[in-house]
Amino acid sequence: MPDDVITNTTVVENQRVTLACPVRGTPRPQVTWYRKDSPVVGHRVTSEGSLVLEQATANDTSQYRCVAVNAAGNVSHTVDLMVLGTHSLTHYSRCLHSTLSTLYPVNTRQQMYA
């Protein structure tokens, strides 16, 4: 596996996400994806071995692992996927706003008339 392969991915709920399994070999490796330790079902694997989740949901948040196998051996790659639901985004936004307001208090009256 190349060193620059993404190992953590965060997306917003209902977005399409593609998890790469960049392998190559002769003969072409057979790629199988696992969520935790169970084979992934209900999602598409491309001819290049990437896993595609058409509309990710918060329930898809997990650790995924691709395993590529051919006559030469096997190799695996792990990706941590976080899917932020609308509730998570609202909570995150409120926390961020609260933190920024505490760190950088702004006098809106002065800002408006400055």
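Rule-based calculations on the coordinates, nothing more; no lab input. Everything quoted here is computed from the prediction, not taken from an experiment. A quick note on method: Cβ atoms are made from the backbone with ideal geometry, for glycine too, and the neighbour counts reach across all protein chains shown.
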Task: Complete set of residues in the stretch 55-81 that are buried (at least 17 other Cβ atoms within 10 Å of the Cβ) and not hydroxyl-bearing (Ser, Thr, Tyr) - done: 56, 60, 65, 66, 67, 68, 77, 79, 81
Task: Qualifying residue in the stretch 15-28 (condition: surrounded by 12 or more Cβ atoms within 10 Å (Cβ to Cβ), farther than 13 Å from residue 79 by Cβ and under 17 Å from the mean Cα position of the chain (by Cα)) - done: yes
Open item on the list: If a residue must be part of a strand (DSSP E or B), without any contact (Cβ under 8 Å) to a residue 12 or more places away in the chain and of a type in the set (D, E, K, R), how many such residues does the stretch 22-73 contain?
Closed with: 1
